[in-house]
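A.B. asks: Here you go, one structure.
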Amino acid sequence: MKKILITGITGYIGGTVARKLLERNYSVTGLVRNADAAEKLKQLGIESIIGNIHDEAVLNSAISNADAIIHTADSADDAYAADSFINALEGSGKTFIFTSGSAIFGGKENGEKNDFVYTEDIPLIPRLEMASRVLINNYVLQSAKKNIRSIVIVPTMVYGDGLGLKKDSIQLPALINFSKEKGFGAYFGKGENLWSNLHIEDLANLYVLALEKAKAGSLYYAENGSSTIKNLAENISRQYDLQPAQSVSVQEAVNTFGPAGGYFGFASNSVCNSDKAKAELGWNPQYQSIEKFI
């Protein structure tokens, strides 16, 4: 039975990936920060190691007892953690799946539309704000030369009910809550900016397939459809009986969600294509409508 170590296992993606792996009879262990989290996981039948990703002794010990590591902790921009994992895994031949995020495609368009579609073979020249994330992704991929089966997955806007301890994603619930406070479905600027999206269960299935089939040094973009932020806002207005959708300034988005959330999470474009995952791994996402989920 293969032993899988998951970071971020109490989170939305990590918890759902863990459930999918348990269903396929993998042994799953989570790296968690405290005893309270460990107890909650124990009730789900998941073992835990208490520590954090910046304690190299804990990390090395955890990695030595695992066949594969799936890193879903909320640290796509954490170069220190990425480097610690690579150092611990070097020469082992073990699998390391690293989670990034599709804000790397963002152009800070402030609600204007840009429907350029990224594929994995298009070199990324990211904006300054996302440059470190792209460097980290490349560093992880290049670790394949150090005898690590490294894989990077780039999720887009994820929606749906998580199967682990955390049920909600980040972007869509934040937009719904903000809209409820405003009394109308809110979009930013013109709201014509596009985001690719996918359902959490389809994403988790992609992690399982990558674990089982991907080659070392593989990069996969994960999406199954796209929507403008204005379209999401209009659906939120309808579903929650709010006033008709209205534009809010990008500055208010920045004030509310911070610069990364405002400029990139809600006012930029992030559109990609997942044909590579479908062709190489046989990934077949089932859920197609973020509107239905709203």
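A.B. asks: Evaluate the distance, in nm, between pseudo-label points positioned 7 Å from the Cα of ARG238 and of ILE50 along their respective Cα→Cβ axes.
C.D. replies: Distance between label points: 4.9 nm.
A.B. asks: Quick one: Cα centre-to-centre distance for the range 130-172 and the range 243-266, in angstrom?
C.D. replies: After rounding, the separation between the Cα centres reads 24 Å.
A.B. asks: Determine, at each q value in 0.15 (inverse angstroms), the log₁₀ of I(q)/I(0) that the Debye formula gives when each Cα of the range 1-71 is one equal point scatterer.
C.D. replies: Once normalised to I(0) and log-transformed, intensities are -0.41.
A.B. asks: Work out, step by step, the length gained on full extension between VAL58 and GLU39: first 0.36 nm times the residue separation, then minus their alpha carbon distance; give nm to one decimal.
C.D. replies: 5.0 nm
A.B. asks: A follow-up question, please. Among ALA82, PRO259, SER237, whose Cα projects farthest towards the positive end of the dipole of the chain, with charges put on the beta-carbon of Lys, Arg (+1) and Asp, Glu (-1)?
C.D. replies: Farthest along the dipole direction, towards plus: ALA82.
A.B. asks: Name the residues whose placed amide hydrogens come within less than 5 Å of the amide hydrogen of ILE70, ignoring near sequence neighbours (fewer than 5 apart) on the same chain.
C.D. replies: Residues meeting the criterion, in which the H sits 1.01 Å from N, are LEU5, ILE6, THR7, ILE97.
A.B. asks: Next question. Can you tell me the 0 to 90 degree angle between the C-alpha axis of helix 131-142 and the longest principal axis of the chain, rounded to 10?
C.D. replies: Between helix and principal axis, roughly 30 degrees.
A.B. asks: Given a 1.4 angstrom probe, I'd like the percentage of the accessible area of the range 10-119 that is carbon and sulfur, rounded to a whole number.
C.D. replies: 42 percent
A.B. asks: Output ³J(HN,Hα) for the range 167-182: one whole-Hz value per residue in order, computed from phi by the Karplus curve 6.51 cos²θ - 1.76 cosθ + 1.60 with θ = phi - 60°, and x for Gly and Pro.
C.D. replies: With the stated coefficients, the range 167-182 comes to 8, 10, 6, 9, 5, 5, x, 5, 5, 5, 5, 4, 5, 4, 5, 6 Hz.
A.B. asks: Over the chain, what relative contact order in percent results from Cα pairs under 8 Å that are six or more residues apart?
C.D. replies: Over the chain, the number comes to 21 percent.
A.B. asks: Angle between the Cα long axis of helix 79-89 and the longest principal axis of the chain, 0 to 90 degrees, nearest 10?
C.D. replies: 30 degrees
A.B. asks: Here's a follow-up. Can you send over the carbon and sulfur percentage of the accessible area for the range 185-280, probe radius 1.4 Å, protein chains only?
C.D. replies: 44 percent
A.B. asks: Right, another one. Report the dimensions of the range 157-294 along its three principal axes from the alpha-carbon atoms, largest first, rounded to Å.
C.D. replies: 47, 25, 25
A.B. asks: Averaging over all projection directions, find the projected area of the Cα convex hull of the range 127-222 and quote it in nm² with one decimal place.
C.D. replies: Projected over every direction and averaged, the Cα hull of the range 127-222 covers 8.4 nm².
A.B. asks: So, one more: Determine the equivalent ellipsoid of the range 70-153 by diagonalising the alpha-carbon gyration tensor, then write out the semi-axes as square roots of 5 times the eigenvalues, largest first, rounded to whole Å.
C.D. replies: 27, 13, 10
A.B. asks: Could you provide, to the nearest whole Å², the per residue accessible area of the chain with probe 1.4 Å?
C.D. replies: For the chain, the per-residue accessible area is 44 Å².
A.B. asks: Any idea what angle helix 250-259 forms with the longest principal axis of the chain, computed on alpha-carbon atoms, 0 to 90 degrees, nearest 10?
C.D. replies: 20 degrees
A.B. asks: Taking 7 Å along the Cα-to-C-beta vector as the label spot, tell me the ASP83-SER132 distance in nanometres, rounded to one decimal.
C.D. replies: 1.2 nm
A.B. asks: Just to check I understand the Karplus step: with θ = phi - 60° and J = 6.51 cos²θ - 1.76 cosθ + 1.60, what whole-Hz values come out for the range 280-294, glycine and proline as x?
C.D. replies: Karplus-based 3J(HN,Hα) across the range 280-294 equals 7, 10, x, 5, 9, x, 9, 9, 10, 10, 5, 5, 4, 5, 4 Hz.
A.B. asks: Mind checking which lysines have their Cα closer than 16 Å to the Cα of LYS113? Skip sequence neighbours fewer than 8 apart in that chain.
C.D. replies: Partners within reach: LYS190, LYS230.
The values are calculated or read from the model by the stated rules, or taken from the named source; none is laboratory data. Predicted model, so just to flag it, every value in this text is computed and none were measured. So basically every Cβ, Gly included, is an ideal-geometry build from the backbone, and we count neighbours across all protein chains shown. Each accessible area value is taken on the protein alone, full model and side chains, heavy atoms only, with ligands, DNA and RNA left out. Shrake-Rupley method; radii C 1.70, N 1.55, O 1.52, S 1.80 Å.
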